[in-house]
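Chemist: My questions will all concern the structure given below.
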Amino acid sequence: MSNYRIHGATGEWEVVIGLEVHAQVTSNSKLFSGAATAFGAEPNTQVSLVDAAMPGMLPVPNRECIRQAVRTGLAINAQINKWSRFDRKNYFYADLPQGYQISQLYHPLVGEGSLEVVLDPKDPEGSTKTIGIERIHVEQDAGKLMHDQHPTMSYVDLNRSGVALMEIVSRPDMRSPAEAGAYLAKLRTILRYVGSCDGNMDQGSMRADVNVSVRRPGEPFGTRTETKNVNSVRFVMAVVESEARRQVDLIEDGGAVVQETRLYDPDKNETRSMRSKEDAHDYRYFPDPDLLPLELDDAFVEKCRASLPELPDAKRHRYEGALGLSPYNAGVLTAEVETARWFEALLTATAAKAGKGEAEVAKQASNWLISELFGALNKLGKGLDDSPVSPEDGAELLALVADGTISGSIAKQVLEKMLESGDGAAAIVEREGLKQTTDTGAIEAAVDQVLAANADKVAEYKAGKEALFGFFVGQAMKAMQGKGNPQLVNQVLKSRLG
Amino acid sequence: MADLTDLGVAAIRDGVAKGLFTAVEVAEAFNANVAAAQAALNAFIVTTPDAAIEAAKATDARRAAGQPLGKMGGVPIGMKDLFATRGVQTTAASHILEGFEPEYESTVSQKLWDAGAGMLGKLNMDQFAMGSSNETSYFGNVISPWRRNDGGNAPLAPGGSSGGSSAAVSARLCPAATGTDTGGSIRQPAAFTGISGIKPTYGRCSRWGIVAFASSLDQAGPMARDVRDCAIMLEAMAGFDPKDATSLNLPVPEWEAGLNADLRGKKVGVPREYRMDGTDADVLASWDQGIEWLKDAGAEVIDISLPHTKYALPAYYIVAPAEASSNLARYDGVRYGLRDLPDGANLQEMYAATRAAGFGAEVKRRILIGTYVLSAGFYDAYYTQAQKVRTLISHDFRNAFAEVDVILAPTAPTAAFGLGDMVSDPLAMYLNDVFAVPASLAGLPAMSVPAGLNREGLPLGLQIVGKPFDEQGVLNAGLAIESRAGFAARPERWW
Amino acid sequence: MSVDTATVARIASLARLKVGEAELEAMVPELNGILAWVEQLGEVDVTGIEPMTAVIENHLRLRDDVIDADPLTGGGVREAVLANAPAAEHGFFGVPKVIE
Ligand SMILES: [Mg+2]
Ligand SMILES: [Zn+2]
């Protein structure tokens, strides 16, 4: 599918990528304790005796975390393991109070699934690729170390310690930085649709461990490295690029890739070995004896399934099929759950105002949203989430265009004024006298004036330079401050020039 | 007034309720015994006479106000130092937790205080409950109040790991004490000191707030002078706890009210594999005597087979150290307890130094074994194999209980041994739990009751193992033995 | 399987136990004695037998997603969490500086 190649001194190389994504499960309290999970609290204020691993403390799992992981699994068409269990991953670190992380190695909650990525948004059907997902397991997050607060000490904050994570492990199915980026973006979209993770990568709610290896096309996999905790789509792509390049250079210089853990430095755009993690790892996984096996019944799984919203791919197909949107528009509108939600609210309100079916107004609404509102918000440095214009406001504006009260070009001005003032479209049109003129007399007068003033161009037109028609339309509209009904202007011009 | 410290749980509870004496008088009497014995027996790590008096005053006040006194109203007890007690040092007898004062109370100890009990102090024990003789405590050995009748005065082991509990109860320093049992740590010390102790079904008592040794095996239980006292105290200790995911969500039966020594219609299994080479002749004789007593109580005695018995101990010595190696990883000098930070040490060096200084030799030995059996390449051969054998041991019991109601066996293969006799040979020490460990691996309720004295004048215990959840059956068989054994021996006070 | 000094040293390091030379030498035969003894488990035919998961028939209970429902297992107890710390400053635990 992908023809991404690294051009080395000795020939072409293919890159092989797998991602392990840690996604924080949306829940009020932690995976095994009642402490809160909210971001940004004072140090160690969201820490229970359980999270601090006081002697004799025991874990009790949070149903919501299990439910959200199951819903996520269902959203990627994965196998849900009705019998799973928690294992301990043993190692010593200051951010790990128990001396072990409760995770799932042998029997994860979610098994094999997959998701589809679109590589070219202009051609969503022709450029899809299916990326396999090996498993999703549920585990505890670690605490946080701060190194710059004291000359000789690191400080430990356990607020994150015990927060529920889903570790979503892909197959090594990606072959280019673009595929890796598209996979992470798509995964984030799905998680946000499902509501199982807020996807806030800058707050650490999603981080990717990027496994990269290189090989000659068609040869077996090479030795991989794992770059830890990469926290944006852009950085994931950068890691793949720089790490693949490093490996190729290394091999071509006669060296060998070492299987190791690396860290990405965005400032230098390079990865470096994490020596602190080099200590030979032997995690001594074994089933956590404080927890019984996790057994789910069909009813629980079915309830999870029934609670799933329409997912991005299904939505995109529906927008194309039932609503007749272009594949590009459908892709744009479904890429973020908020966009789709906004669009659907706009669609409902617009259809209601017009007394028409949603399919009949969908194109108008989607075009306006994508080409008008997005652009206008962008200029203001805003997004849909903080847009001063609501879907209902948008529908009001679209209705004024649809019934001929204002023209499309006036609508642009009205939108700008709506964004500035927060007032409704009708009020602005009324106040500013922007209503379209359908008075044929006034239009005829304006047209005649334009033709009289441009006799030379009229002659050229009549001699066959028909492209000048648009010029006359523009001049006539300008003479009427844009308020002339474009159809009528056209009509009058045609008959006059006829 | 008779010596109040001769009274057990039921007698104190009833006496306080009737107004024969006050709870404060009882607490003062036991406080005095505790103080008088501390230097000689070293049964306590910390004594809390004020806490005992305070609880007693509360009980007396409730009585004066006509309020109910609770199942343990007015009874002062000893608390094994494995239970977290709020504001009172809790060490698991280790240096690594020396000075640790929890900000929380374990579920079991809280239930006991809620039932009207008071605390005399924190009892010494084997470090992190690892040991069978109480010789692994950082705070020194507990000396059994018992002596051989040879006039030699050799200091004897009170058993372990609940050796402070067994010594204190048998020396009348407290009427009852909490114990915990991972592979026999209630039953073996009870047997060594001529008292009773019951480990309930795994999950009956919450593990929340008990310093963990081996999570899949640890169970708290009472140690007291007789079966009735055990029944009363277990009622106060047991019960569902939402904070422990392995806690049994079952109502607590009224075990005391259900006591009944009439065993007519009951079947008692005698496992042939427990007749092992090397078992002391006196122990075998007491077992035979126990069989006769149960027949006398109306039970039918049946020869049964528990074919995997021989493998219980080695399976235990894989599973328990494996769990312990992980459970004890939290003692790292970061959040509580000892920190040993040599000059210039980094974080990992601090861990290694702290743990080396804070753990005793037996604890280190088990951490190493546990770490090794879980390490890459060995996990299946050791840990998985042991857990499969554990399943087989559990099946052995299940098959036996299809036929019988309870199983009778000796509690330990010997009577108390001398302090120092076994320390150089860890394996020989481990073998002392050979009869106790199978029931632990299967999570079954099991009890030790005194059966008599051996030729050296030392107590021997008999063990009753029951079906899951059938503590009542175990207590009743224990009562049948107790009422026939007429065990009245007590250590002569030499301290 | 038996262990040698190097293996015991590796295991001790994995378990974060600092062990001196002499202690190490003494541990080797002790551990080998115990390991040789537990290896008799290898005799047992475990074909078709599942490793034990729950000691007593019981199911894993899940709790409701409620913050601080029980003060004993909830947050907001920083004082209690830091009360026994060998080094606590500004609401943090302190450890020797970690260089990553
Ligand atoms: Mg990873
Ligand atoms: Zn992970």
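The values are calculated or read from the model by the stated rules, or taken from the named source; none is laboratory data. Everything numeric here is computed off the predicted structure, so don't read it as measured data. Note: ideal-geometry Cβ built from the backbone for every residue, glycine included; neighbour counts use all protein chains shown. To get the accessible areas, we keep the full protein, side chains included, count just its heavy atoms, and leave off ligands, DNA and RNA. Shrake-Rupley method; radii C 1.70, N 1.55, O 1.52, S 1.80 Å.
Chemist: Which value results when the Cα radius of gyration for segment B:188-235 is divided by 2.2 N^0.38 Å?
Modeler: 1.19
Chemist: Not counting ligands, DNA or RNA, and with a 1.4 Å probe, what is residue B:254's accessible surface area in Å² rounded to the nearest 10?
Modeler: That residue has around 130 Å² of solvent-accessible surface.
Chemist: For the full complex of protein chains and a 1.4 angstrom probe, list B:138, A:93, B:317 by accessible area with the highest value first.
Modeler: Of B:138, A:93, B:317, the descending order of accessible area is B:138, A:93, B:317.
Chemist: Compute the FRET efficiency between residue A:409 and residue A:269 as 1/(1 + (r/R0)^6), taking r as their Cβ-Cβ distance and R0 = 41 Å, and round to the nearest 0.05.
Modeler: Step by step, r from the Cβ atoms, then E = 0.35.
Chemist: Counting just the Cα atoms, what span does segment A:440-497 cover along each of its three principal axes? Round to the nearest Å and put the largest first.
Modeler: Principal extents (largest minus smallest coordinate, Cα): 29, 19, 16 Å.
Chemist: Could I ask something else about it? Can you divide the C-alpha Rg of segment A:6-304 by 2.2 N^0.38 Å and report the result to two decimal places?
Modeler: Here the Cα radius of gyration is 1.03 times the empirical estimate.
Chemist: Between segment A:18-90 and segment A:128-171, how many Å separate their Cα centres?
Modeler: Spelled out, the Cα-based centre of one part sits 11 Å from the other.
Chemist: Could you pull out every residue, at least 5 positions away or on a different chain, whose amide H is within less than 5 Å of the one on residue C:87? Hs are placed 1.01 Å off N in the peptide plane, and Pro or chain starts have none.
Modeler: C:94
Chemist: So, one more: Quick one: how many Å² of residue B:494 are accessible to a 1.4 Å probe, rounded to 10?
Modeler: Spelled out: residue B:494, probe radius 1.4 Å, area about 80 Å².
Chemist: Moving to a separate point now. Of B:323, A:360, A:134, which has the most accessible area and how do the rest follow, probe 1.4 Å?
Modeler: Solvent-accessible surface, decreasing: A:360, A:134, B:323.
Chemist: Another one. Amide H to amide H, which residues 5 or more places from residue B:340 or on other chains are under 5 Å from it, using H placed in the peptide plane?
Modeler: Excluding prolines and chain starts, which carry no amide H, the hits are B:354.
Chemist: Let me ask something else. What does the convex hull of the alpha-carbon atoms of segment A:292-418 project to on average, in nm²?
Modeler: Here the figure is 10.6 nm², rounded to one decimal.
Chemist: For chain B, with only Lys/Arg (+1) and Asp/Glu (-1) charged at the beta-carbon, what is the dipole magnitude about the Cα centre, in debye rounded to 20?
Modeler: Taking the Cα centre of chain B as origin, the dipole is about 420 debye.
Chemist: On to the next question. What lysines does residue B:18 reach when the alpha-carbon gap must be under 20 Å and sequence neighbours fewer than 8 apart in one chain are set aside?
Modeler: B:57, B:71
Chemist: Excluding residues on the same chain fewer than 8 positions from residue B:266, give the lysines whose Cα lies under 24 Å from its Cα.
Modeler: Straight-line reach from residue B:266, under 24 Å: B:199, B:295, B:467.
Chemist: So for segment B:248-303, what percent of the C-alpha to C-alpha distances run longer than 19 Å?
Modeler: Every Cα pair in segment B:248-303 considered, those over 19 Å come to 49 percent.
Chemist: For helix A:486-497, what angle does its Cα long axis make with the longest principal axis of chain A, in degrees from 0 to 90 and rounded to 10?
Modeler: Roughly 40 degrees, rounded to the nearest 10.
Chemist: Something else about it: Separation of segment B:126-180 and segment B:345-399 by C-alpha centroid, Å?
Modeler: 26
Chemist: Sticking with this structure for a sec: Can you pull the Kirkwood radius for chain B, inverse mean 1/r over Cα pairs, to one decimal in Å?
Modeler: 22.3
Chemist: Using just the Cα positions, wrap segment A:331-406 in a convex hull and report its mean projected area in square nanometres, one decimal place.
Modeler: Computing the convex hull of the Cα atoms and averaging its projections yields 4.8 nm².
Chemist: Hey, can you find the accessible area per residue of chain B for me, probe 1.4 Å, expressed in square angstrom?
Modeler: Averaged over the residues of chain B, the accessible area is 29 Å².
Chemist: Evaluate E = 1/(1 + (r/R0)^6) for residue C:4 and residue B:36, where r is the Cβ-Cβ distance and R0 equals 45 Å; express this FRET efficiency to the nearest 0.05.
Modeler: So, using R0 = 45 Å, E works out to roughly 0.30.
Chemist: Could you tell me which residue out of B:29, B:312, B:127 lies farthest along the dipole of chain B toward its positive end? Charges go on the beta carbon: Lys and Arg +1, Asp and Glu -1, centred on the Cα centre.
Modeler: Sorting the options by dipole projection puts first B:312.
Chemist: Out of all Cα-Cα pairs in segment B:4-262, roughly what percent, to the nearest whole number, are more than 24 Å apart?
Modeler: 40
Chemist: May I pose another question? Report the Cα centroid-to-centroid distance between segment A:422-463 and segment B:214-271 in angstrom, as an integer.
Modeler: 96
Chemist: If you place +1 on the Cβ of every Lys and Arg and -1 on the Cβ of every Asp and Glu, how big does the dipole about the Cα centre of the protein assembly as shown come out, in debye to the nearest 20?
Modeler: Roughly 1220 debye, rounded to the nearest 20.
Chemist: Just read off the accessible area of residue B:111 with the full protein assembly in place, 1.4 Å probe, to the nearest 10 Å².
Modeler: For residue B:111, solvent-accessible area is about 60 Å².
Chemist: Right, another one. Between helix A:358-367 and chain A, what is the angle of the helix's C-alpha long axis to the longest principal axis, kept within 0 to 90° and rounded to the nearest 10?
Modeler: For A:358-367 against chain A, the angle is about 90 degrees.
Chemist: If you plug each phi of segment A:283-294 into the Karplus form 6.51 cos²θ - 1.76 cosθ + 1.60 with θ = phi - 60°, what whole-Hz ³J(HN,Hα) values come out, in order, with x for Gly and Pro?
Modeler: Couplings: 7, 6, 4, 7, x, 5, x, 7, 10, 7, x, 8 Hz.
Chemist: Counting only protein chains, not ligands or nucleic acids, how are A:147, A:317, A:22, A:7 ordered by accessible area (probe 1.4 Å), most first?
Modeler: A:7, A:317, A:147, A:22
Chemist: Please list the three semi-axes, largest first and in whole Å, of the ellipsoid equivalent to the protein assembly as shown, using sqrt of 5 times the eigenvalues of its alpha carbon gyration tensor.
Modeler: Rounded to whole Å, the semi-axes are 74, 32, 26.
Chemist: Moving to a separate point now. How large is the charge dipole for segment B:206-331, taken about the Cα centre, if only the Cβ atoms of Lys, Arg (+1) and Asp, Glu (-1) carry charge, to the nearest 20 debye?
Modeler: 380
Chemist: Rg and Dmax in Å for segment C:1-59, alpha carbons only: what are they?
Modeler: Using the Cα atoms of segment C:1-59, the pair Rg, Dmax is 16.5, 48 Å.
Chemist: With the convex hull built on the Cα atoms of chain C, state its orientation-averaged projected area in nm².
Modeler: 13.3
Chemist: When we measure straight from the Cα of residue A:186, which lysines land under 29 angstrom away, once same-chain ones fewer than 8 places off are left out?
Modeler: Within reach: A:30, A:82, A:122, A:129, A:144, A:228, A:268, A:303, A:315, A:363, A:379, A:382.
Chemist: What list of ³J(HN,Hα) couplings, whole Hz, do you get for segment A:251-257 from phi and the Karplus terms 6.51, -1.76, 1.60, once you set θ to phi - 60° and write x for glycine and proline?
Modeler: With the stated coefficients, segment A:251-257 comes to 5, 5, 7, x, x, 9, 6 Hz.
Chemist: Under the rule of at least 5 residues apart or a separate chain, name every residue whose amide H is placed under 5 Å from the amide H of residue B:419.
Modeler: B:156, B:157
Chemist: Quick one: what are the phi-derived ³J(HN,Hα) couplings along segment B:23-38, Karplus 6.51/-1.76/1.60 with θ = phi - 60°, whole Hz, x for glycine and proline?
Modeler: Those phi angles translate into 5, 5, 4, 5, 4, 4, 5, 6, 3, 5, 5, 4, 5, 5, 9, 4 Hz.
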